Amino acid sequence: MTERGEVQVRAGGEGDLPDLTDIYNHYVRETPVTFDTEPLTPETRRPWLLSHPKDGPHRLLVAQDAESNRVLGYATSSPFRPKPAYSTSVEVSVYLAPDACGRGVGTLLYEHLLDALDALGGEDVHRAYAGIAQPNEASVRLHARFGFRHIGTYGEVGRKFGRYWDVAWYERPLNP
C-alpha cells in the first residue's frame, strides 16, 4: 500500500466490489465514458474483479481515503484483445467517484499502475492502450501527462443516450 497525503493506493480485492460497482455504475448511467448501457451488480461484476490478480500485467488498483477508508476510484490494466498475439498489450482505464475528480486521484492511480507495468519485463507487457470516448478533455490530459500519444479515432463507434460517440485511441510504450 502506498500513500500520498490522505489517499492510499493498494491492490483491489473482493471487499471493494460494491464500491467499485457503484463508481462504475455512475458512468454507465450518467456518461458516455463507458459503452455499457445497463448498471451492473456486484455479482455480475465479480468475474471482472477476479480477472485482475495482484501481480502480472492485468491489475486492479484502488485509491481510498486514508481517514474514512472510502474508495475514491480505481485503475485497471486488462487484456487488450483476446487473441494470443495481443498478450503483451494491455488496455488501461481509470474511474473515479464523482467527488474525487480533479483532486489528483487519477494521476496517483496511473502513477502506480504504469510504474508497476513498466517494472514488468518486455516479454510480459509491451504497450498500453486507452480508448477515450469523445469529448473528454480531462481524460485526454491525464493520458498525455503519462506519455500516451493519440494514434487514431474510431468515428461514431458507439451509440448511447440517443447519439453516436467517437472513441480516440491512445498508446504508450511500456518498459521504456
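The values are calculated or read from the model by the stated rules, or taken from the named source; none is laboratory data. All values reported here derive from a predicted model rather than from experimental measurement. Reconstructed Cβ throughout: ideal geometry from the backbone, glycine too, with neighbour counts over all protein chains shown. The area values use the complete protein model at the heavy-atom level, side chains included, leaving out ligands, DNA and RNA. Shrake-Rupley method; radii C 1.70, N 1.55, O 1.52, S 1.80 Å.
Cβ-Cβ distances below 6 Å connect the following pairs, each with a first residue in the range 39-54 that is more than 15 Å from residue 77 (Cβ to Cβ), a second residue that is buried (at least 16 other Cβ atoms within 10 Å of the Cβ) and among the polar types (S, T, N, Q), and a separation of six or more residues or different chains: 39/25; 40/21; 42/21; 45/21.
Let's see how each residue does on (1) in a loop (DSSP other than H, G, I, E, B); (2) more than 24 Å from residue 128 (Cα to Cα); (3) touching a Lys or Arg at 6+ places or on another chain (Cβ under 9 Å):
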site	(1), (2), (3)
20	no, no, yes
29	no, yes, no
35	yes, no, yes
40	yes, yes, no
44	no, yes, no
85	no, no, no
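On the given criteria, is residue 60 touching a strand residue (DSSP E or B) at 6+ places or on another chain (Cβ under 7 Å) and closer than 27 Å to residue 87 by Cα? Against the criterion (touching a strand residue (DSSP E or B) at 6+ places or on another chain (Cβ under 7 Å) and closer than 27 Å to residue 87 by Cα), residue 60 qualifies.
Count of the range 132-170 residues, restricted to those that are open to solvent by 30 Å² or more (accessible area, probe 1.4 Å), assigned to a strand (DSSP E or B) and out of contact with any Ser or Thr (no Cβ under 6 Å at 6 or more places or on another chain), is 12.
Looking for something crowded, with 17+ Cβ neighbours inside 10 Å, under 14 Å from the mean Cα position of the chain (by Cα) and assigned to a helix (DSSP H, G or I) - is there at least one such residue anywhere in the range 93-105? Yes, the range 93-105 has at least one match.
Matching residues to (1) in contact with a helix residue (DSSP H, G or I) (Cβ under 6 Å, 6 or more places away or on another chain); (2) touching a residue at least 24 places away in the same chain (Cβ under 8 Å); (3) of a type in the set (S, T, N, Q):
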residue	(1), (2), (3)
118	no, yes, no
122	no, yes, no
128	no, yes, no
146	yes, yes, no
163	no, no, no
172	no, yes, no
175	yes, yes, yes
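Under 28 Å from residue 169 (Cβ atoms), aliphatic (A, V, I, L, M) and part of a helix (DSSP H, G or I): does that describe residue 49? Lay out the reasoning, then the answer.
On the way: under 28 Å from residue 169 (Cβ atoms): yes; aliphatic (A, V, I, L, M): yes; part of a helix (DSSP H, G or I): yes.
When the stated conditions are applied, residue 49 passes them.
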